[in-house]
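None of the figures in this text is laboratory data; all of them are computed from the coordinates on show. All of these numbers come straight from a predicted model, not from anything done at the bench. Here the Cβ positions follow ideal geometry from the backbone for every residue, glycine too, while neighbour counts run over all protein chains shown.
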Amino acid sequence: MTAWTSRQLAEQTGRTFVITGANSGIGLEAARDLVGRGAHVVLAVRDVAKGEAARALITSGAKGSAEVRQLDLADLDSVAAFAKGLTEKLESDGRLLNALVCNAGVMGGPLLFTTQGFERQVGTNHLGHVALVTALWPALHSAGGRVVVVSSIASRGGRLSTSSTREDLVAPSPYESQKVYSNAKQANLLFAQDLHRRVVAAGSPVSVVACHPGVSWTNLFSRQLRDEGRGWLVPALFLIRPIIFQSATAGAQPTLRALDPSTPSGAFVGPKLLNQVRGRPELLEVFATGSDPEVAAHISQLTGDVLGTPLPI
Ligand SMILES: NC(=O)c1ccc[n+]([C@@H]2O[C@H](COP(=O)([O-])OP(=O)(O)OC[C@H]3O[C@@H](n4cnc5c(N)ncnc54)[C@H](OP(=O)(O)O)[C@@H]3O)[C@@H](O)[C@H]2O)c1
């Protein structure tokens with residue numbers, strides 16, 4: 001069988017996608033590809049100026065279009081305002097929401113908290129996205145849309161379990177930043193799997209696919225080094241970049257394959273080479289840390305308690 005490439009993605013004219021964190025890295029490259037095939041992409045970004053720069057870059061000479069909308073996943077009020085504004089705009093433009101890509105993320109750094117007081121990595125990467133999916137659920141449901149959740153190979157080191165408490169999720173102590181990142185990306189994977197099981201049980205037209213980008217050259221690692229006061233290591237990172245990282249364009253391929261309608265709901269997409277660090281996007285076994293339905297249901301329950309609203313289905 002020939003390997004999947006994004007050339008297999010059909011023409012996307014008339015279809016609308018939302019990508020969180022689309023001003024940089026994997027989100028930017030996924031948006032660029034979709035706009036190139038005629039799609040309309042909503043760049044959901046926390047910094048509108050960065051979003052406008054990205055919009056100018058990817059729409060120049062492209063078949064499709066893009067718009068920038070402000071979204072701070074670390075503030076649940078911003079998530080609610082984004083979803084309300086977007087839903088109204090979709091209605092007034094007569095557009096359907098074909099897919100929501102939960103891509104934005106932060107890794108490492110010191111112990112910081114979201115506006116509502118939750119640890120920043122779990123708050124941004126997991127809670128903000130669950131709140132966003134929930135708020136956009138009516139639009140996703142009417143379109144028979146797709147939710148794509150970007151996880152990570154770091155989720156293999158996640159330690160969330162059926163015994164995890166609310167504090168483990170939102171106020172981890174002691175704070176070990178890389179372990180908390182692993183838990184946040186494990187929570188992404190568990191959420192995607194649980195949501196998939198729920199849509200199947202309910203006969204919902206929405207589909208859900210998880211993916212991971214291997215290890216790709218984006219702003220994620222240099223930002224982590226700077227946040228942790230080790231910015232002096234960034235030039236060294238540039239030097240070893242070709243050895244360790246695949247390109248952001250390659251890292252966006254799992255996201256694009258996850259958006260391909262030929263990829264079934266419940267699938268997990270990522271590269272396979274070098275223990276899944278790089279390569280073409282393939283359909284993978286879900287990591288053991290992300291596949292237990294009981295753990296997934298427990299984390300969904302905790303997440304619903306923290307957000308004050310259950311999962312949308
Ligand atoms: N690169 C890799 O090797 C790798 C590996 C595994 C998983 N991932 C995952 O891939 C996804 C994309 O990351 P990337 O590698 O492309 O890194 P990136 O270049 O740093 O992009 C991250 C994006 O998330 C946005 N973001 C951060 N906090 C946000 C918030 N509170 N609200 C809204 N947006 C926010 C950033 O916005 P600003 O530019 O304004 O900060 C940026 O647009 C993440 O989920 C990451 O965990 C990446």
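Report the calculated FRET efficiency for Glu294 and Leu112 (r = Cβ-Cβ distance, R0 = 35 Å), to the nearest 0.05.
According to the calculation, E is roughly 0.70.
Using DSSP to call loops (not H, G, I, E or B), can you name the trypsin sites (Lys or Arg not before Pro) in the stretch 203-235 whose Cβ has at most 15 other Cβ atoms within 10 angstrom?
Within the stretch 203-235, the qualifying trypsin sites (Lys or Arg not before Pro) (loop, at most 15 other Cβ atoms within 10 Å) are Arg230.
Between Glu167 and Leu274, what is 0.36 nm times their sequence separation minus the Cα-Cα distance? Round to one decimal in nm.
Length gained between Glu167 and Leu274: 35.0 nm.
So what are the stretch 61-220's ellipsoid semi-axes, whole angstrom, largest first, if each one is the square root of 5 times an eigenvalue of the alpha-carbon gyration tensor?
With the √(5λ) rule applied to the stretch 61-220, the semi-axes are 27, 18, 16 Å.
Per 5 Å bin, what is the whole-percent P(r) computed from every C-alpha pair distance within the stretch 169-309?
Using 5 Å bins, I get a P(r) of 2, 9, 15, 18, 19, 15, 13, 7, 3, 1, 0 for the stretch 169-309.
Could you tell me what fraction of 2.2 N^0.38 Å the Cα radius of gyration of the stretch 40-83 comes to, as a two-decimal ratio?
1.23
Taking the Cβ-Cβ separation of Gln301 and Leu239 as r and a Förster radius of 45 Å, what is the calculated FRET efficiency to the nearest 0.05?
The value I calculate is 0.45.
Compute the whole-percent fraction of alpha carbon pairs in the stretch 10-305 spaced more than 31 Å apart.
Tail of the P(r) past 31 Å holds 21 percent of the pairs.
Give me the percent of DSSP beta bridges within the chain that run antiparallel, rounded to the nearest 5.
15 percent
Mean-square fluctuation check for the chain, GNM, Cα pairs under 10 Å: which of Pro242, Pro174, Pro138 is largest?
Pro174
Can you pull out the GluC sites (Glu not before Pro) in the stretch 1-71 whose DSSP state is coil and whose Cβ has at most 13 other Cβ atoms within 10 Å?
Glu11
Kirkwood hydrodynamic radius, computed over distinct alpha-carbon pairs, for the stretch 119-169: how many Å, to one decimal?
Averaging 1/r across every pair of different Cα atoms and inverting gives 12.9 Å.
In the stretch 124-219, which chymotrypsin sites (Phe, Trp or Tyr not before Pro) fall in coil by DSSP and have 13 or fewer other Cβ atoms within 10 Å?
Tyr175
Taking the Cα atoms of the stretch 217-292 alone, what are Rg (to one decimal) and Dmax (as a whole number) in Å?
Here Rg and the maximum Cα pair distance are 15.2, 44 Å.
What's the extension gain from Glu52 to Trp232 if we count 0.36 nm per residue and subtract their Cα-Cα distance?
61.8 nm
How far apart, in nm, are two points set 7 Å out from the Cα along the Cα-to-Cβ line at Thr2 and at Lys179?
4.8 nm
When the chain is treated as a GNM, springs tying every alpha-carbon pair under 10 Å, which of Ile299, Ile19, Ile240 comes out with the largest mean-square fluctuation?
Ile240
Relative contact order, percent, of the chain when contacts are C-alpha pairs under 8 Å separated by at least 6 residues?
19 percent
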